[in-house]
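Peer 1: Structure in structure tokens, see below.
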Amino acid sequence: MGMPGLTKVLDELPVSGDVLELACGTGQWTQLLTDRARSLTALDAAPEMLRTARARTRGTTTRFIEADIFTWEPDRQYDTILFAFWLSHVPPVETEAFWNLLRWALAPGGCVVFLDDSLAKEEIEEPVPGARVPTVRRYLADGTQHLAVKVLHDPPTLTAQLNALGWEAHIEALDAYHFAGTARPRGE
């Protein structure tokens, strides 16, 4: 499923109210959220990505924050927290702290919404043997190589993991390579 198909999926996910997008990157998803949010905050650690995202959303009231998600402390709560293709970059050792941060940043009754690559992507990624965390080697069009944390999940295992962390998660495969999910703190 390419970007247009995933965009349709995003249209069907519960995104509304005050929205926080984590790891907004170049803003390809941010621009799709502006009309659905009462307020939109987009966070990324890379200033060059934020410059591109700002340009894509020029003319909107989107608030941008430059921060490392693993050290960032939210200054408010959000009705929706969304991240697209970010969860697979969260090192396993950071998983519990990451979901605790989301619980802190989520307003009562709020929802976490996410899209990501599934376990089947293992077939087309190039794992780096012996890495301390699951890592893949990426080749860009300009010929450069980059290493990236890549923790691939399958919906049933990820659902069980989030349930064990105190979330009520609903995750389903979109196609062989992608999944979408929502999660709410258990008891809400």
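Peer 1: Counting residues that are over 24 Å from residue 156 (Cα atoms), in contact with a Leu (Cβ under 8 Å, 6 or more places away or on another chain) and of a type in the set (A, V, I, L, M), which strands (runs of 3 or more DSSP E) fully inside the stretch 14-130 reach at least 1?
Peer 2: The strands (runs of 3 or more DSSP E) meeting that bar are 18-21, 39-44, 63-66.
Peer 1: Let me ask something else about it. Can you find even one residue in the stretch 25-40 that is acidic (Asp, Glu) and surrounded by 14 or more Cβ atoms within 10 Å (Cβ to Cβ)?
Peer 2: no
Peer 1: Would you be able to say whether some residue in the stretch 133-142 is at positive phi and either modelled with pLDDT under 90 or surrounded by fewer than 16 Cβ atoms within 10 Å (Cβ to Cβ) (or both)?
Peer 2: No, the stretch 133-142 contains no residue that is at positive phi and either modelled with pLDDT under 90 or surrounded by fewer than 16 Cβ atoms within 10 Å (Cβ to Cβ) (or both).
Peer 1: Right, next: Which members of the stretch 138-188 meet the condition of being polar (S, T, N, Q) and in a strand (DSSP E or B)?
Peer 2: Residues satisfying the conditions are 145, 182.
Peer 1: Condition first: under 18 Å from residue 148 (Cα atoms) and buried (at least 21 other Cβ atoms within 10 Å of the Cβ). Now tell me which residues in the stretch 44-69 satisfy that.
Peer 2: Result: 44, single match.
Peer 1: Can you tell me which of (1) surrounded by fewer than 17 Cβ atoms within 10 Å (Cβ to Cβ); (2) in contact (Cβ under 8 Å) with a residue 60 or more places away in the chain; (3) of a type in the set (Phe, Trp, Tyr) is the one residue 72 doesn't meet?
Peer 2: Only one criterion in (1) surrounded by fewer than 17 Cβ atoms within 10 Å (Cβ to Cβ); (2) in contact (Cβ under 8 Å) with a residue 60 or more places away in the chain; (3) of a type in the set (Phe, Trp, Tyr) is unmet by residue 72, namely (2).
Peer 1: Mind checking which residues of the stretch 73-102 are farther than 18 Å from residue 14 by Cα, touching a strand residue (DSSP E or B) at 6+ places or on another chain (Cβ under 6 Å) and of a type in the set (Gly, Ala, Ser)?
Peer 2: Within the stretch 73-102, 88 is the sole residue that qualifies.
The values are calculated or read from the model by the stated rules, or taken from the named source; none is laboratory data. The structure presented is a predicted model; accordingly, all values stated were derived computationally and were not measured. All Cβ positions, even for glycine, are placed from backbone atoms using ideal geometry, and neighbour counts span all protein chains on display.
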